[in-house]
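Structure, as structure tokens:
The values are calculated or read from the model by the stated rules, or taken from the named source; none is laboratory data. Predicted model only: the values in this text are computed from it and were never measured. Using ideal geometry, Cβ is built from the backbone for each residue, glycine included, and neighbour counts are taken over all protein chains shown.
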């Protein structure tokens, strides 16, 4: 609703103030542009989807793997946790040209960028999830004679599930951003390419089309993760208020 | 032969002596209650029997075998029900057996039926009432293969009505499925109503202060708690507890 209101305000003001189209196109112009040039950017869109899904999957797997390793080996955790944070302090803009120098213009540098932006939120969220494992449950498991392996698979892993999904949600939206940035490096196709071409030739409407495409994609990925989460973490749905089982008296 | 025998057990944490020369035993199918003030080292005793820590000196034997710092030798029911929120009640009830590697679904279903949890097999813990959760937790320990069940103040978080209901329920189900039970509580009445024998623990460092045989016939009804005899017993135990706190 707010979004639609914003579009209306945008439309009206740019008409009233007579802002030139190349400076700021109106929403109607953007929609029309988006409608007409669909055949032009269709392949770009799919290239970006492919790239971000691919990068997201690899990034998430790495993120999960790193979290599990650091959790299971506390020594590793102490050593690598600061390094993890540092890895996020290197600006992507600086890193991107370096990656091109090292790996050329192929798929590899692009994937590395997406992986870099994806794995971090997952690792941090999952590590926190592991750490917040309920003390009572842990105590029971130990007293009942659970092995380290049983404690991990039967307690810590399922307990961290909601955290896994919150990490995945953040990573999913980041992955589209990462993909677009990586396409600026010099790709054959992708929304990033489309956007660069459009802005260098002052086709501002097309730039906005790409912006909206990126937003739409991010939302779509987010929605998919939420859907999967609802299926996997069913037990969480109505927890909270009736922790003490007041529902049945 | 005693099921569990604890022999001259001592444990201290960084100079703080918690258990000192503690010795007692539990017979086959006997219900023993340990009564002691809060902070008297009851949990430490459980941690030692459960094998989480090693004692400084002394020995714990189960069925004649030394179980010092051997995890998984006993079955355990904690103060909070500690059901895994992502498992259905049935899967939770099976957890103890699952950890030990033997799962019997059918037995679990029958037990849940008897415990009044029929129809809740697929429910998640957050959908159960406090009493039901505790019942599920107790069935979980009954279904574990270990010969001794340790209960750590299992009903202390429940309201008065649910608690007395749970005590009767516990006796009923224990009557049908006899096991050796070690029950820790700080409630004299609860100990008297449930146990065959009561061990009174002193304050830190904990030793056995007194031992009472409870001779009320089984099955016990709730009205025995109002008899002259019951009150007499309660008084005796109370005096022992009071004596050592004023000493």
On the given criteria, is residue B:78 crowded, with 21+ Cβ neighbours inside 10 Å, in contact with a strand residue (DSSP E or B) (Cβ under 7 Å, 6 or more places away or on another chain) and within 14 Å of chain A (Cβ to nearest Cβ)?
yes
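Return yes when residue A:159 is out of contact with any helix residue (DSSP H, G or I) (no Cβ under 6 Å at 6 or more places or on another chain), touching a residue at least 24 places away in the same chain (Cβ under 8 Å), buried (at least 18 other Cβ atoms within 10 Å of the Cβ) and within 13 Å of chain B (Cβ to nearest Cβ) and no when it is not.
Values: out of contact with any helix residue (DSSP H, G or I) (no Cβ under 6 Å at 6 or more places or on another chain): yes; touching a residue at least 24 places away in the same chain (Cβ under 8 Å): yes; buried (at least 18 other Cβ atoms within 10 Å of the Cβ): yes; within 13 Å of chain B (Cβ to nearest Cβ): yes.
Taking the combined requirement at face value, the residue satisfies it.
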May I ask you to verify whether residue B:16 is touching a residue at least 40 places away in the same chain (Cβ under 8 Å) and more than 20 Å from the chain's Cα centre (by Cα)?
yes
Have a look at A:22, A:35 and point out the one that is within 30 Å of residue A:189 (Cβ to Cβ) and outside any helix (DSSP H, G or I).
A:22
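Under the condition of being within 11 Å of chain A (Cβ to nearest Cβ) and at pLDDT 85 or above, which residue from the range B:95-106 is surrounded by the fewest Cβ atoms within 10 Å (Cβ to Cβ)? Spell out the reasoning first.
Step one: filter the range B:95-106 for residues within 11 Å of chain A (Cβ to nearest Cβ), giving B:95-101.
Checking which are at pLDDT 85 or above leaves us with B:95-99.
Details: B:95: 27, B:96: 28, B:97: 22, B:98: 19, B:99: 21.
My answer is B:98.
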Give the residues of the range B:20-37 that are touching a helix residue (DSSP H, G or I) at 6+ places or on another chain (Cβ under 6 Å) and farther than 12 Å from residue B:196 by Cβ, sorted by residue number.
B:35, B:36
Please indicate, with yes or no, whether at least one residue in the range B:141-155 is surrounded by fewer than 18 Cβ atoms within 10 Å (Cβ to Cβ) and either touching a strand residue (DSSP E or B) at 6+ places or on another chain (Cβ under 9 Å) or in a loop (DSSP other than H, G, I, E, B) (or both).
yes
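Does residue A:135 fit the bill of being within 13 Å of chain B (Cβ to nearest Cβ) and on the phi > 0 side of the Ramachandran plot?
Details: within 13 Å of chain B (Cβ to nearest Cβ): yes; on the phi > 0 side of the Ramachandran plot: no.
Against the criterion (within 13 Å of chain B (Cβ to nearest Cβ) and on the phi > 0 side of the Ramachandran plot), residue A:135 does not qualify.
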I'm trying to understand the selection: among the residues of the range A:60-94, which are in a helix (DSSP H, G or I), under 19 Å from the mean Cα position of the chain (by Cα) and surrounded by 10 or more Cβ atoms within 10 Å (Cβ to Cβ)?
A:60, A:61, A:62, A:63, A:64, A:65, A:66, A:67, A:84, A:85, A:87, A:92
When only residues in the range A:95-106 that are touching a residue at least 24 places away in the same chain (Cβ under 8 Å) and assigned to a helix (DSSP H, G or I) count, which is surrounded by the fewest Cβ atoms within 10 Å (Cβ to Cβ)?
A:97
May I ask you to list the residues in the range B:187-208 that are more than 16 Å from residue B:231 (Cα to Cα) and out of contact with any strand residue (DSSP E or B) (no Cβ under 7 Å at 6 or more places or on another chain)?
B:203
